Each structure stands twice: as C-alpha cells, then as structure tokens.
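Novice: Okay, handing you the structure first.
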Amino acid sequence: MFIESLNYPFNTKTILRKRRSIRKELSLQKDLKDIKVALLGGSTTSDILNFVEIFLLNAGFRPTFFESEYGKYFEDVVVDDSELRAFKPDIVFIHTTHVNLINAPKLFSSDAEVESCLRAEMEYYEAIWSKLSEELNCLIIQNNFDLPFLRSLGNLDSTEIYGKTNFLNRLNLEFSSAARQNPKLIINDINYLSYQVGLNQWYDPDYWYSYKMAVTPLGSIYLGHAIVKLICAAYGKTRKCLVLDLDNTMWGGVIGDDGLEGIKIGRETPQGEAFTAFQEYCKELNERGILLAVCSKNELDNAQGGFSHPDSVLKLDNFTSFQANWDPKPGNIENIAAEISIGLDSLVFVDDNPAERSLVSAQLPPVATPDVGNEVSHFAEFIEREGYFEVTNISRDDVKRAVSYADNQQRAKYKTKFADYNEFLESLEMKAEIGPFSPTYLDRISQLTNKTNQFNLTTKRYTFAEMHAMAESPEYITLYGRLEDRFGDNGLITVVTGKLNENQVHIDLWFMSCRVIKRDMELAMLDALVLKAIKNGSEELIGYYYQTQKNGMVADHYSKLGFKLVSEAEDQSSSVWKLELKNYEMRNKNIKKIEYV
C-alpha cells in the first residue's frame, strides 16, 4: 500500500503519478465505513474529488459521491435539489474560492455600498446553508475565501474598504460568525491553507483559463486532505493523547548524563528556545483537552526531575500517565493506554529517535507515529499538519478531560481503602444529572457518539447534524447523563436513545465512558429510560448488541440488567433483548442525588 505517501509531508509526485493504483489498493481494505459526500463546486472539481476519495479511504471510509456540474452549486441546492435530495448526502462540501465572488465592491465604493455588497454575498450563501440544514439535514463543509492572485490596488487592496482583499477578509469573518450560529456548518479555512501551500502553487492562471481549475493539482492534494481531516473530526476519528519521549524531544540533551542544569531549554539559546516552543505547543493542546503522557527510557526520578527545571513550560501535573523505565517502548505505550483507559488508536507518539519510532510503528500499528525527524523545531508542524487532533468544536468537558482522568486515578487509590465495593460507592457521594438532549450538550454528545468504543452496545455513529435531528424528533427518547462525586466532575459521560414504535422502545444507542463503569450510572440511565418509556405508553424495551473487536465488555450488559434474550446469531456476534416494564423496580441504589432535567 502507498500509505506513507499520504502522510505529512506528502509525497506529492507519487500521489499525482499513482493516484489510481493508490485508490485501488486502499479500496481493498475491510471494514470501511460507508459515507455519502456531495461535492458542489464553483470551479472544476474532478481532481479534488479524486484526492478526497483517496484520503477518505485512507481514513477508513468508503465514499460515494455526488458531483455538481461546473458552477451549479447554487442551482443544485436552492433552485432544483431533486437529484441532491435523492442522493441523501451525509456531507455536503461546497468548493468555492475567490473566483466565485459575485458582489465585489467597485473602486471608490462608499461604506454603505460595501456593506450592501457584503450583505448580498452573505445572503447568497445563507440561502444555500439554510436549505441544506433544514431540508437535507446534513453536515455542510464550506470553504472560506483564499486571497486574490493579483491586486490591482497593490497594498491598498487590503487597506481600502473597496479593495478585494479587504472585502474577502471581512467576508471570511462573516462566514466564521455564521458557523458559530449554525451547528451544521463547518468552515474549511482555505485562506490559511493557500498560505501554507503558497499562493503561487495554490493558484495558477493557466489552470484557470484552460480547465477552470481554481486550485492546482498540488493544491488539490492539500485541499483533499484538509476536507478529510474535518470529516474525520465530525465522525470522532481523531486522537485523544500525545505520548512524548523526553531526551532531545522535551529538552535538549540527556538528563541522566547532563543533569538538570545541563539540559537545553529556555530562551538563552536557539536550541533551548526550540524545545521551549514545542513544550508551549504541547501545553496549548493540553489546555484544550488533549491528554499528555510520557514514554521515556530513563530513571523515573531523573525523568520527572526534568520538569522541575525553572524554564520548563510543562510540569508533572500536565501528564496523565508517566512511564519512565528501561523497558521496550511498545509495552510502555500499551501501559499508558491501559492506565488512561483509552484505545491505542487514540494515541500519537512523538520521539526524536527513528529506531524507537520504527519499533512502535511496527509493533503497534494503531498508534500514530509520525516520522518527525530529529529537529524539534518541526515536531509541532508534523502534529498540526497531519490533523491528529482536529476538531469541529470544543466543549467545556473537553477542556476538563485531563483533570477528569487525574480525578479517576485518585478514585482508584481511594477504592483500596474499602473492603466492600458498595461502601466505596456510597462514600463517593455521587450526584447525577439526567435529561433529554439539549443544545448546550449536543457538541459533547456527538463527540461521545463517535469516540466511545468499549461500552457501546450498537456502535452506531452519528454526526452532529443527525444527533440534532434526533433531539428534535418526537419519535425518539434521548437521554444524556452527567456524574460528579467528591473527587470532581466527570462531565457528560453517557448517552441513551430509544426509538418509539407502538408499545415498544427500541434502544438505538447506549454508550458510556469507561471512566465511570460500575458506578451505577448505567442503572440510573435505565431507570430514567424506563420512566420516559412508560410516560410515552410503552410496555417493553428492546435492546440490541452488535459485537465488535472492542466492545466485548458489554456482551452481557442486557443480561445483567434483567433483560430476556429474544434472539442471538449463531456466532454470538449479535443479539436482541427484551425488558417488560410492568412492575418495574428502580435499579440504582448508590447514586443518592439525581436531578432529572
């Protein structure tokens, strides 16, 4: 397979030359997720579609495409959407660039005239977004605007209000504002992407005049990758934890040999400043909810002591797991995943040593191991460009994630003081909040839907837009659960949805964060679901279990809750369960305070 050429930095020559064979090879993969993508273009999009397809296949999706005719992106949505509606896209990508600007201001336009142009341009796109959001209920990815290739006003083009550059910058801010108001709209920042690629390599007049391609083939590779990063983020296919080596990764030098005073970090030297900058980047990731862990061949005291350096940006409490010993790194990385209770496919490993990277990559394929080289000044670039931690939104619970995992480790230590597990649960003084889906929590609910693997009965995946539609549908019972205790707030950690069907409720989703397993939250959620079901006149709950490689821990979930087995596949890969609600007795005993919203 040609996977390496699809990792940053892209081997663009190989991708362009062997795109067909790359696509063919990637198509042979098993367990690809089907996804429907509509590509609506204001310019020629055939190259872009090819690269979106390749990167989607590489990310584990099997795409089916709808491609609008040249320049018909508005007509296909607003004027006649019959073909698009019949296609039923999961994602609509609207590929427009500066060449599609319709209402550009004229020379010497007044403030009022420029504002009128701005409003007219926004109304044009808002008509598209509104129709897609309300009638097709799909996720929308919309380019903002790259800058014009030529500026007849020179530098004044960005200064004067009637300059095209100035106008496009203002339009981009309006797009950003619209995305904050519309949960189904995601902005693909080609304003930044074109800068990253380089405007001379992003746009070529010859391609535009000859083929009506507003982006070069080279630019289309980067654009395809950017689109797929956003799709992966929307479906929860992003990483949670950055695992870091120490010597010559977090600081310059070997702390065991050079001592605390001898390592290079701080602002005094170029080398030290590069390590400081990388630590600052890691800390920014940590502050937005990305977990940090250490995997280092070192004595534990020496390794931990490095973060006591006065110039160290990161401190010990920034790390959720700390593995420093002389054991092989693959085993230590497995220990990190087990300690934090996340999958190996949630980890990104950064190490300056190519031999260690090769070993981890060979023995732990699910772990992302970018070939970062040995120059720390470029480490952050590899993480950023590959989009391991790309998100479509950031919730308050994301930001508190590291604290929540630390609290869980305290709970584990605290539990050892009790011989009786129920006594331990009662001592936690747990409080829960359970309620129907609300706009406040939809971001987090959507994230959990696409990330939770082990405690996930049906393993169904839904986008934010689909969850939003479910929340508004009278055909569904939707429930979220939050849990806090004496050690802290776990945040929103579980979701259950059920579809009403005559006198039954069919449980469509049931998943929960592994951090709160065996804390009676599953019992509290069952109680809440039963109350809702009875209120809706239902007499039975129907539960489904679909086996995956990761969710074996919940194979007996319904049995434990008192459901009766209705049917089971011969290979036990799936089963159907039923619970009669007549004379139901509440199951939760240890969560004493529950607020039903």
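All of the numbers you see were taken from the coordinates with simple rules; none came from a lab. None of the values given here were measured: they were computed from a predicted structure. When we count neighbours, we look across all protein chains shown, and the Cβ atoms used for this are built from the backbone with ideal geometry, even at glycine.
Novice: Starting from the Kirkwood radius over alpha-carbon pairs of region 1-77, derive D by Stokes-Einstein at 10 °C in a medium of 1.306 mPa s and give it in µm² s⁻¹.
Specialist: 119 µm²/s
Novice: Right, next: Would you mind giving the average projected area, over all directions, of the Cα convex hull of region 241-386 in nm² with one decimal?
Specialist: Dividing the Cα hull surface by four gives the mean projection, 7.7 nm².
Novice: Ignoring everything except DSSP H segments at least 4 long, calculate the 222 nm mean residue ellipticity for the chain; use -39,500 (n - 2.57) per segment, divide by total residues, nearest 500.
Specialist: -11500 deg cm²/dmol
Novice: Over region 417-596, what is the relative contact order in whole percent, taking alpha-carbon pairs under 8 Å and six or more residues apart?
Specialist: Values: 331 pairs, mean separation 47.2, N = 180.
Taking the mean separation of contacting Cα pairs over the length of region 417-596, I get 26 percent.
Novice: Let a ≥ b ≥ c be the square roots of the eigenvalues of the Cα gyration tensor of region 417-596; is it rounded (a/c under 1.5), or, if not, prolate (a/b larger than b/c) or oblate?
Specialist: Because its axes are fairly even, with a/c under 1.5, region 417-596 counts as rounded.
Novice: For every other residue with a beta carbon closer than 13 angstrom to the beta carbon of Gln271, add +1 if it is Lys or Arg and -1 if Asp or Glu, then tell me the sum.
Specialist: -4
Novice: Right, here's the next one. Could you go through region 574-584 in sequence order and give the Karplus-derived ³J(HN,Hα) for each residue, using 6.51 cos²θ - 1.76 cosθ + 1.60 with θ = phi - 60°, rounded to whole Hz, and x for Gly and Pro?
Specialist: Working through the residues one at a time gives 8, 7, 10, 10, 9, 10, 7, 8, 5, 6, 5 Hz.
Novice: Take peptides 238-250, 341-353, 551-563 and line them up by average Cβ neighbours within 10 Å, highest first, as a rough protection proxy.
Specialist: Averaged packing, sorted descending, gives the order 238-250, 341-353, 551-563.
Novice: Using a cut-off of 9 Å between beta-carbons, work out the net charge of the residues near Phe65 (Lys and Arg +1, Asp and Glu -1, Phe65 not included).
Specialist: Around Phe65, the surrounding residues sum to -1.
Novice: Quick one: go through region 433-449 and flag any residue whose amide nitrogen is under 15 Å from the point 7 Å out along the Cα-to-Cβ line of Lys88.
Specialist: Counting backbone N atoms under 15 Å from the label point, the list is empty.
Novice: Report the full-extension gain for the segment Trp326 to Lys592: residue separation times 0.36 nm, less the Cα-Cα distance, to one decimal in nm. Walk me through the numbers on the way to the answer.
Specialist: On the way: separation 266, 0.36 × 266 = 95.76 nm, distance 4.61 nm.
Extra length available between Trp326 and Lys592 comes to 91.2 nm.
Novice: Residue separation times 0.36 nm, minus the C-alpha to C-alpha distance between Leu561 and Lys431: what's the value?
Specialist: Between Leu561 and Lys431, full extension yields 44.7 nm more.
Novice: Further, regarding this structure: Across 5 Å bins from the origin, how do the percents of Cα pairs in region 3-234 run, short distances first?
Specialist: Calculated P(r), rounded to whole percents: 1, 6, 14, 18, 19, 17, 12, 7, 3, 2, 1, 0.
Novice: Still on this structure, please answer the following. State the Cα centre-to-centre distance between region 545-576 and region 314-351 in whole Å.
Specialist: The two parts, judged by their Cα centres, are 32 Å apart.
Novice: Additional query: Sorting Ile517, Ile141 on the 10 Å Cβ count, fewest up front, what's the list?
Specialist: By the 10 Å Cβ count, ascending: Ile517, Ile141.
Novice: Select from region 129-184 those GluC sites (Glu not before Pro) which occupy a DSSP coil region and have at most 14 other Cβ atoms within 10 Å, ordered by residue number.
Specialist: The qualifying sites: there are none.
Novice: What ranking do 422-431, 294-303, 213-222 get when scored by the average of other Cβ atoms within 10 Å per residue, highest first? Each step should come with its number before you reach the end.
Specialist: Numbers: 422-431: 16.1, 294-303: 20.2, 213-222: 24.0.
Put in order of decreasing packing, that is 213-222, 294-303, 422-431.
Novice: Related question: Using only Cα atoms, locate the centre of region 426-467 and the centre of region 13-57, then give the distance between them in Å, rounded to an integer.
Specialist: 32 Å
Novice: Less than 25 Å apart at the alpha-carbon level, and either on another chain or at least 8 residues along: which lysines does that give for Lys106?
Specialist: The qualifying lysines are Lys164, Lys212.
Novice: With a sphere of radius 9 Å drawn around the Cβ of Val372, what net charge do the other residues whose Cβ falls strictly inside it have (Lys, Arg +1; Asp, Glu -1)?
Specialist: Details: positive: Arg357; negative: Asp351, Asp352, Asp371, Glu375, Glu381.
Summing Lys and Arg as +1 and Asp and Glu as -1 gives -4.
Novice: Kindly provide the trypsin sites (Lys or Arg not before Pro) of region 510-540 that DSSP labels as loop, not H, G, I, E or B, and whose Cβ sees at most 14 other Cβ atoms within 10 Å. Intermediate values should be presented prior to the final figure.
Specialist: Details: sites: Arg515, Lys518, Arg519, Lys532, Lys535; in loops: Lys518, Arg519.
For trypsin sites (Lys or Arg not before Pro) across region 510-540 that sit outside H, G, I, E and B with at most 14 neighbouring Cβ atoms in 10 Å, the list reads Lys518.
Novice: Can you compute 3J(HN,Hα) from phi for each residue in region 81-97, using the Karplus curve 6.51 cos²θ - 1.76 cosθ + 1.60 with θ = phi - 60°, rounded to whole Hz and x for Gly and Pro?
Specialist: My calculation for region 81-97 gives 9, 4, 5, 5, 5, 5, 5, 6, x, 7, 10, 10, 9, 9, 9, 10, 9 Hz in order.
Novice: Which listed residue (Tyr222, Ile128, Pro365) has the Cα farthest towards the positive end of the charge dipole for the chain, taking +1 on Lys and Arg C-beta and -1 on Asp and Glu C-beta about the Cα centre?
Specialist: Ranked along the dipole, the leading option is Pro365.
Novice: Could I ask something else about it? Over the chain, what relative contact order in percent results from Cα pairs under 8 Å that are six or more residues apart?
Specialist: 9 percent
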